[in-house]
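Remarks on the structure that follows.
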Amino acid sequence: MAEPQTASRKFDVAIIGAGVVGCALARRLTLDGAQVVVLEKAPDVLDGASKGNSAILHTGFDAPPGSLEQACIARGYREYLDLSEELGLPILKTGALVLAWNDEQVAKLPSLMEKARKNGVEDVEELDRADILKREPHLSETVAGGFLVPGEYLIDPWTTAHAYLLQALENGAEVRRDAEVLSGNFDGAGWTLSTTAGPVEAGQVINSAGLYGDIVDQRLLGQSSFKVTPRKGQFVVFDKTAAALASAILLPVPTEKTKGIVVCRTIFGNLLVGPTAEDQESRTDASTDAEMLQGLRDRGIEMIPELEAQEVTTVYAGLRPATEYQDFQIQYREDQAYVTVGGIRSTGLSAALGIARHVSELMGAEARFSGPLEAPILPRVNALSNYHERDWERPDNGGIVCHCELVTRREIEAALDGPLPPATLAGLKRRTRVCMGRCQGFYCTGELAKITAGRFKTPIGDKK
Amino acid sequence: MMRRDTDIPETCDVAVVGGGTSGLALAAELKRLGIGSVVVLEREQDAGGIPRHCGHYPFGVREYGRLLKGPEYARRNVEAAVKAGVAIHTQTTVTALHPDGELSLSTPAGVCTLKARRVVLCTGVRESSRAQRFVGGERPQGVMSTGALQSLVYLGGMRPFRNPVILGSELVSFSAIATCTHLGIRPVAMIEEESRIVARPVFRPYLMMHQVRLFTGARKTRIIGRDRVEAVEFENASGALTHIETDGVIISGRFRPESALLRASHLELDRGSGGPAIDQFGQCSDPAYYSTGNLLRPAETSSWCWHEGVETARNIAEDLSGSAWTVRGSVSLTISDPAIRFVVPQRLTLTDRPGGMTQMQVGLSAPVQGRMSAKSGDREIWSARLHSRPVRRILFPLDPLRTASLEKTIELSVSRRG
Ligand SMILES: Cc1cc2nc3c(=O)[nH]c(=O)nc-3n(C[C@H](O)[C@H](O)[C@H](O)COP(=O)(O)OP(=O)(O)OC[C@H]3O[C@@H](n4cnc5c(N)ncnc54)[C@H](O)[C@@H]3O)c2cc1C
Ligand SMILES: Cc1cc2nc3c(=O)[nH]c(=O)nc-3n(C[C@H](O)[C@H](O)[C@H](O)COP(=O)(O)OP(=O)(O)OC[C@H]3O[C@@H](n4cnc5c(N)ncnc54)[C@H](O)[C@@H]3O)c2cc1C
């Protein structure tokens, strides 16, 4: 559970990248009996593609039938439903409406429903305008038609991935942060990786480096079979009072390139509009721009006119690790003891558990390592859902520190003192939601600076 | 200052939501006027409100006859309330407002409810965030409001950056400079979208004094830097891209009422002011609720809010006194010109009840040179010269509007000169 900075230990598996996919892999392989180390170049986990997404647990109804992506989503989805109960991960069971806004889109609905059924999502249900407006009374009357996908849900994208990693850690895995993999050597029996935190030895290596998947392959294999072209998605998040304006996840008719602009609640009780789809070269630049944001806000208002009167809480952007291929790029090179898990583009949150199962099978993990753990430890998870009980409602919580998101002192201290302490303010935000609300730190920054003094690489403030 | 005591009563005469300037002044006055149980509910560890972290002058001249810094002023407001017999409960967050004066509360000990004969909402204002202004770019650490900066500097003695830029040029943007210099932080630039500074021109020399470069007419401001702020870029007034290296950004001003509770409640909200719709007594759409202080509109000085609190206390005491008065109806004040952002109060109760505001307060969204007038039906019942700008205090007497007792609405508009 500690984060030793030396390579005294030889691991069965080194996982490169602590995005949601790396976290799910770490959990799976640890439960399969492997000694796992997770290597993350950033000071904190979830700092790449997994930092900002729409947080929808997809059924895979619109994935290409027969694709690896579809298979991983379907499996991941099923396992998530079970695991969420076991770990206490909240789910907001909203369902989704795929909405058509003109005749051309209406014409595409039957084939989309057909595709859903092919993908095993049998419970899709066609709805006419009147049905839709009855379900979603705040929706613009210009909606033309649509169908319901009852199984599309909303989840907490960060607590979910943290919980995967925590379960791995509590059962013997290690995570090393500030540990960028620079190069590696395979001697026929195992790998020696050179990282910014020293050398690491492992029998097998998994590259789940997300936006850097191709670069890590090049560094370790000398080549990559794909190229990542990040696809940025910007979002506008509205205040909690806006959440009353949409019940289901409102999806547009998708195009080849993107799922399109979604309007949905978040499990934290806000309403989001996004994402955009903008191809770019930079793997780090998750910047927003005023025109795009204004466009998203306008699109939101077109769909739900009452949004006009709602306040914006925050804006953000995420980068999808898109490649020239539509499908996931997962490849096991047995002779090199190396797995590439690349191009997990826009459904990785939903598919992560399924991807982990798939990789475990490719590697023959259960047989290869010491065998499945008999009674794996369950980590303690702090559910942050606005639709479930929160710490501020419980006694002895130490008082509320972040007033907008109602985060208690006890929650903040638990995150700081827990097995996966945040190394940055951004990491603390993802673990507790401090500063994520409507005032964006106006009220609690001073108090937070005191509570977190000495904890972060870059403190909120330093004493003169 | 006050520590939280666990004995929050189940009922009280008046519950004050927010123990800042206006809430404390109101609560103390209510006690002086003989109201039985007056309870202030304050979510922070200490009562006092915004002045707690305004470590500069001038506060308190009219209230205490002395020139005080914010923290000392806040302390006096707390002391005066305690001395008058007000029960202040800190670390007590009001989480929901229900009809007829019932409140949901969260304290460190858990949740509870409180029922009051009258509730007063005094939750103040905050600054608009970066997101609310759609300031683009990356999201590094080191971007914060003046309020957050003040609480770091004055309450924590901490510096978040060394050479920040300030977005905005309101009065509070200048207090950001004062806050910075307190700990040796040197702001490098002030960036304003408008073609001139928003605060009164007399503040301009202050920039020169502190060697802060001023850029007006800035467009498309972006923040650069992945983990820490590295630079700010914008198009200057002539359209050229300007790049300023900096390690922090202060997002100042554009006050907005802290209306979270209100928005989630049954009470009527006025979109223009961002606060509750009230009548001249400060009474909300549910008569069990009143409001005062900067929640009513963005934004006034502490001194103004203090006196407003005292006035509102008198109205509430009169309301609770049981005296009989008659209500003939009510007139709503509506706005027909986009240059008028808000008018407070939004409603006039036609009554012989004593007290109440004598002036209406108007806020502009664009500069106006001309006249403002009030129409009842087709008839102009009042007009006056209006020559002002946004973020300025504008007051007009309410009395002339009371004559329009026959109509349900009075429409306010402006006519421009030339
Ligand atoms: C706008 C948007 C909306 C989305 N919406 C949804 C949704 O609603 N539902 C859904 O299921 N999915 C959604 N997704 C997709 C999902 O977010 C991604 O598929 C997922 O986050 C990819 O995770 P990853 O672990 O593969 O990559 P990452 O999260 O990028 O993780 C890779 C990690 O590897 C690290 N790394 C890189 N190089 C090195 C190195 N050399 N050494 C060590 N570490 C390294 C990085 O720092 C990073 O932390 C969305 C994505 C975006 C961008
Ligand atoms: C950054 C900033 C700087 C300013 N600087 C100056 C200045 O230099 N001089 C000046 O005259 N004015 C200044 N002002 C204006 C300031 O608003 C007034 O001075 C004055 O504080 C207003 O008093 P108030 O009672 O309306 O609100 P506040 O003093 O803000 O008090 C509101 C109180 O309500 C509490 N509260 C809010 N919601 C809840 C809830 N749900 N439950 C319980 N408690 C709650 C808050 O914690 C706070 O204590 C400044 C304002 C800001 C935002």
Notebook entry, point to check: For region A:181-231, what does the equivalent ellipsoid look like in terms of its semi-axes, each the square root of 5 times an eigenvalue of the Cα gyration tensor, given largest first in whole Å?
Noted result: 21, 12, 8
Check: According to a simple spin-label model (label point 7 Å from Cα along Cα-to-Cβ), what is the distance in nm between B:R392 and B:K115?
Finding: 5.0
Checklist line | Added length on full extension, which subtracts the Cα-Cα distance from 0.36 nm per residue, B:R196 to B:R271 | finding: 24.3 nm
Check: What's the average, rounded to a whole number, of partner chain beta-carbon atoms within 10 Å of each residue's beta-carbon in B:106-116?
Finding: 4
Notebook entry, point to check: Per residue, what volume in Å³ does the Cα convex hull of region A:391-451 take up?
Noted result: 74
Item checked: Centroid-to-centroid separation of region A:375-389 and region B:1-80 [C-alpha atoms, Å] -> 39
Note to self: Could you give me D for region A:119-172, from Stokes-Einstein at 10 °C and 1.306 mPa s, where the hydrodynamic radius is the Kirkwood radius over C-alpha pairs? Units µm² s⁻¹, please.
What the structure shows: 110
Next item on the list: Please average, across the residues of B:152-163, the number of beta carbons from any other chain that are within 10 Å of each residue's own beta carbon, and give a whole number.
Entry: 5
Check: Given labels modelled 7 Å from the Cα in the Cβ direction, how far is it in nm from B:H98 to A:T192?
Finding: 6.9
Margin query: For the pair A:E413/B:E10, report the inter-label distance in nm, with labels modelled 7 Å from Cα in the Cβ direction.
Written below: 3.2
Next item on the list: If a/c stays under 1.5 just call it rounded; otherwise compare a/b with b/c (prolate if a/b is bigger, oblate if not). Do that for region B:181-260, with a ≥ b ≥ c from the square roots of the Cα gyration tensor eigenvalues.
Entry: rounded
Notebook entry, point to check: Measuring from centroid to centroid over Cα atoms, what is the spacing of region B:128-199 and region B:353-418 in Å?
Noted result: 35
Check: Which cross-chain or sequence-distant (5 or more) residues have an amide H under 5 Å from the amide H of A:V401, H modelled 1.01 Å from N in plane?
Finding: A:V407, A:T408, A:R409
Checklist line | Average silhouette area of region A:45-139, convex hull of alpha-carbon atoms, in square nanometres | finding: 8.3
Notebook entry, point to check: Quick one: what Rg and Dmax do you get for region B:221-276 from the alpha carbons, in Å?
Noted result: 17.9, 49
Note to self: Suppose we keep just the alpha-carbon trace of region A:217-344; what are its Rg and Dmax in angstrom?
What the structure shows: 18.0, 60
Notebook entry, point to check: How big is the convex hull of the Cα atoms of region A:293-362, per residue, in Å³?
Noted result: 139
Note to self: Below 8 Å, C-alpha to C-alpha, sequence gap of six or more: please give me the relative contact order for chain B in percent.
What the structure shows: 14
Next item on the list: Can you tell me what the convex hull of the Cα atoms of chain A projects to on average, as an area in nm²?
Entry: 22.2
Check: How far is the Cα center of region A:29-99 from the Cα center of region A:328-357, in Å?
Finding: 12
Notebook entry, point to check: Mean residue ellipticity at 222 nm from the helices of the protein assembly as shown, using -39,500 (n - 2.57) per DSSP H segment of n ≥ 4 over the full residue count, to the nearest 500 deg cm²/dmol?
Noted result: -7000 deg cm²/dmol
Item checked: Directionally averaged shadow of chain B, computed from the convex hull of its alpha-carbon atoms, nm² -> 21.5
Notebook entry, point to check: By the gyration tensor of its Cα atoms, with a ≥ b ≥ c the square roots of the eigenvalues, what is the shape of region A:322-372: rounded for a/c under 1.5, prolate for a/b over b/c, or oblate?
Noted result: oblate
Checklist line | Geometric extent, Cα atoms of region B:1-145 - Rg, Dmax (angstrom) | finding: 16.9, 55
Next item on the list: Please average, across the residues of A:446-459, the number of beta carbons from any other chain that are within 10 Å of each residue's own beta carbon, and give a whole number.
Entry: 4
Next item on the list: Express the Stokes-Einstein translational diffusion coefficient of region B:270-418 in µm² s⁻¹, to the nearest whole number, given a Kirkwood radius over alpha-carbon pairs, 25 °C and a viscosity of 0.890 mPa s.
Entry: 155
Item checked: Cα pair count fraction exceeding 39 Å, expressed as % - the protein assembly as shown -> 45
Item checked: Calculated FRET value between A:E126 and A:Y325, using beta carbons and R₀ = 41 Å, to 0.05 -> 0.80
Next item on the list: Name the longest site-free stretch of chain A, where the excluded sites are GluC sites (Glu not before Pro) in a DSSP loop with no more than 15 other beta-carbon atoms within 10 Å.
Entry: A:1-121
Check: Around A:T94, which amide H atoms from residues at least 5 apart in sequence, or from another chain, sit under 5 Å from its own amide H, with H modelled in the peptide plane?
Finding: A:L154
Notebook entry, point to check: Mind checking the alpha-carbon convex hull of region B:215-335 and giving the volume per residue in Å³?
Noted result: 167
Check: If you take the Cα atoms of region B:207-248, find Rg, then find the Kirkwood Rh from the mean of 1/r over all pairs, what is Rg/Rh?
Finding: 1.02
Notebook entry, point to check: Using modelled backbone amide H atoms (1.01 Å from N, in-plane), which distant-in-sequence or interchain residues come within less than 5 Å of B:S145's amide H?
Noted result: B:I251
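Here, each number is a calculation from the coordinates, and none is a lab measurement. For clarity, every value in this text was computed on a predicted model and none was experimentally measured. Reconstructed Cβ throughout: ideal geometry from the backbone, glycine too, with neighbour counts over all protein chains shown.
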